Amino acid sequence: MPEAGAASEAEAVSEAEEVTVRDAISAPDAQGEPRRTTRRFPLFTRDTARPEGGGRAAPGDAPAPARQWPILTVLSTVALGLLLTALDVFRVGTILIGVALLAGAVMRWTLPSVGMLAVRSRFTDMVTYSVLGVAIVVLALMAQPQPWLEIPFLDDTLHFTVR
């Protein structure tokens, strides 16, 4: 009986060593090993791909903050906007937050590599940053009291729905 157990262990080891690839094979990767030829997703996902444009925004020998300057620019502008909002300069602070998001959209559109500012595909990031930035700026301009932007049909809609 011990021989049968040893034989089954040897078979299990040999089966584990024989890896069957069910995906198509393609051009070599960074290590020179061939990978997939099709654009179909593999049966098992082993890692995730970096977003388009997600490379360093500065050379690899630059210090870490310099490599990530696009996201640091957006975050520091948002932080300044939050500080202004906390210091009771609400409208200017929130406009600054919206402008920071719009600047992120412009950087995502124009720069080939933006580091950690790249979260999804270039198109999705641009649309997301733009829509949120415009919405924040418009809402900041319409904030009460004394709004800087008045949209008449919204006032009529509000009175119609509330009354």
So who's got an amide H within less than 5 Å of the one on A143, skipping anything under 5 residues away but keeping other chains? H placed 1.01 Å off N, in plane. W148
R120 long-range amide H proximity, modeled H, under 5 Å: D125
Is the range 55-132 best put as rounded, prolate or oblate by its Cα gyration tensor, with a ≥ b ≥ c the root eigenvalues, rounded for a/c under 1.5, and otherwise prolate when a/b is larger than b/c, oblate when not? oblate
What list of ³J(HN,Hα) couplings, whole Hz, do you get for the range 111-124 from phi and the Karplus terms 6.51, -1.76, 1.60, once you set θ to phi - 60° and write x for glycine and proline? 8, x, 10, 10, x, 6, 5, 7, 10, 10, 5, 4, 4, 5
Protection proxy ranking, peptides 83-91, 122-130, average beta carbon neighbours within 10 Å, highest first: 122-130, 83-91
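Each value in this text was obtained by applying a stated rule to the coordinates, not by laboratory testing. Quantities reported herein were computed from a predicted structural model and do not represent experimental measurements. Every residue, glycine among them, receives a Cβ derived from its backbone with ideal geometry; neighbour counts consider all protein chains shown.
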